[in-house]
Each structure stands twice: as structure tokens, then as C-alpha cells.
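In what follows, a single structure is set out as C-alpha cells and then discussed.
The values are calculated or read from the model by the stated rules, or taken from the named source; none is laboratory data. What you see is a predicted model, and the numbers here were worked out from it, not measured in a lab. Here Cβ is always computed from backbone atoms with ideal geometry, including for glycine, and neighbour counts include all displayed protein chains. We work out accessible area using only protein heavy atoms, side chains counted, and drop any ligands, DNA or RNA first. Shrake-Rupley method; radii C 1.70, N 1.55, O 1.52, S 1.80 Å.
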Amino acid sequence: MQAIILDRDGIINKRMADHEYVTQVSEINYLVENIDVLKNIKKEIPIFIVTNQQGVGKGFMSLKTLNMINNEILQYLEKCNIKILKVYTCTHLESDSCNCRKPKSGMLQSIAKEFAIDLTESLFIGDSETDVMCANSVKSKSVYFGINKIEHSPTFKAKNSIELLRILELSGVTNDADIAN
């Protein structure tokens, strides 16, 4: 596996209700079970975060605040022994039709270009149909983490963190040490 690519909201921290955004550090609510799973990823496999954050474009938070939120998440993950190589963020509005907003592949293309990553040999873990669409558009393997019905087919589906761990184990990206069930 070349790389692991993670969506932020819904994978690392709890997703807010529709049309709501994490707009300050105090609103971060970590998904500890998922973070426990991510701790098992082999250290030599680079991990990236790609996240749509149109709350900036809508004026709900500044880019400075978004960077503070992302830095807090990175520091927390670092304390958990999870090293994120880089966070890619799209702050455009959905109506802007930019190339970076998922489901478009601009952020993934940037990872491939900047780090010489073969996206077809990478695994994208996300909790929305746009994440699956984004992964599919570059032929990455995808994990849909959720229980809602989606139209686009991911490579794998995980309803919970235990299923996510099993998928990572089957993909050969975890250490041999097992976590407590």
C-alpha cells in the first residue's frame, strides 16, 4: 500500500450535523475508537488527510481558525503515535466548482504529485459518498465508513471501528500486534 488517505470529519473527529461545521478547537470531538485503529497502521506507510471545509468560504470561520483546528488534530494524533504527513483542505464553496473539492480529485492529485504516491495503490477512508466518488475517480481503493446507503460502490464497507481494523489488516497495512476487541 502506497498511502492511507483519511477524510477528517467522520473518521478522525465526529461529524457535525448537516450544514454545521467544527468552527473552533473546543468543538473537536475525537472518534477514539477509530484513532485506536489508526494507531495500528505501519509507520512506514504515509498518512494524509483530505477535507472539504467550505465553512471558511461561507464565513463561519477564518482560515487561521481552520489551521488552528487542523493543528490541534495533528498534535493529538501525534500524541497517539499517528504521524500525518500533510493535511489538504478545500475551503471553496460547493458552487465554486473548483478542482479540489471532493468528489473532484484535486487534493488526491496533489498528494500524488508532491509525494510521488501511486493513488491506485493507496487506500482512502471516508464517511461520505463524495469520499468514495473521489477515490473511485483516481482508482484508489476506498473504505466507506458508515451505515447509510450510497449509490457509488466502495472497495470496502465498514460499519464500525472493528470492521475498519479488519479491512486494514486484510489490506496488509497494520502491524502484527492486535488491539483489544
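Rg and Dmax of the range 1-95 over Cα atoms: what are they, in angstrom?
13.2, 38
Once fully extended, how much extra length lies between His19 and Glu72, figured as 0.36 nm per residue of separation less the alpha-carbon to alpha-carbon distance?
Extra length from His19 to Glu72 when fully extended: 16.9 nm.
On a C-alpha basis, how far is the centre of the range 64-86 from the centre of the range 108-155 in Å? Whole number, if you could?
One Cα centre to the other: 21 Å.
With the crude spin-label approximation of a point 7 Å out along Cα→Cβ, what separation in nm comes out for Asn99 versus Leu170?
That separation, rounded to one decimal, is 3.5 nm.
Given springs between every Cα pair under 10 Å in a Gaussian network model of the chain, which of Lys139, Lys64, Lys14 has the largest fluctuation?
In this elastic network of the chain, the residue with the biggest mean-square fluctuation among Lys139, Lys64, Lys14 is Lys64.
Give me the compactness ratio for the range 86-177, meaning the Cα radius of gyration over 2.2 N^0.38 Å.
For the range 86-177, the normalised Cα radius of gyration is 1.12.
Using only the Cα atoms of the range 1-41, what are the Rg and Dmax in Å?
11.8, 34
Using mean Cβ contacts within 10 Å as the protection proxy, how do 43-52, 111-120 order, highest first?
Descending packing order for the listed peptides: 43-52, 111-120.
Could you tell me which Cys residues in the chain have no other cysteine's Cβ under 4.7 Å from their own Cβ, answering none if every one has a partner?
Singleton cysteines: Cys80, Cys98, Cys134.
At q = 0.15, 0.17, 0.19 Å⁻¹, what is the log10 ratio I(q)/I(0) for the chain, with the Debye formula run over Cα points and no solvent?
-0.84, -1.11, -1.42
Given the options Ser171, Ser142, Ser128, which has the most mean-square fluctuation in a GNM of the chain, springs set between C-alpha atoms less than 10 angstrom apart?
Sorting by GNM fluctuation, first place goes to Ser171.
May I ask you to give the solvent-accessible area per residue for the chain, in square angstrom, as obtained with a 1.4 angstrom probe?
Here the residues of the chain average 51 Å² of exposed surface.
Kindly provide the helix-only [θ] at 222 nm of the chain, computed as the sum of -39,500 (n - 2.57) over DSSP H runs of four or more divided by all residues, to the nearest 500 deg cm²/dmol?
Using -39500 (n - 2.57) per qualifying helix, the result is -9000 deg cm²/dmol.
GNM, the chain, Cα, under 10 Å: largest mean-square fluctuation among Leu168, Leu63, Leu38?
Answer for the Gaussian network model of the chain: Leu63.
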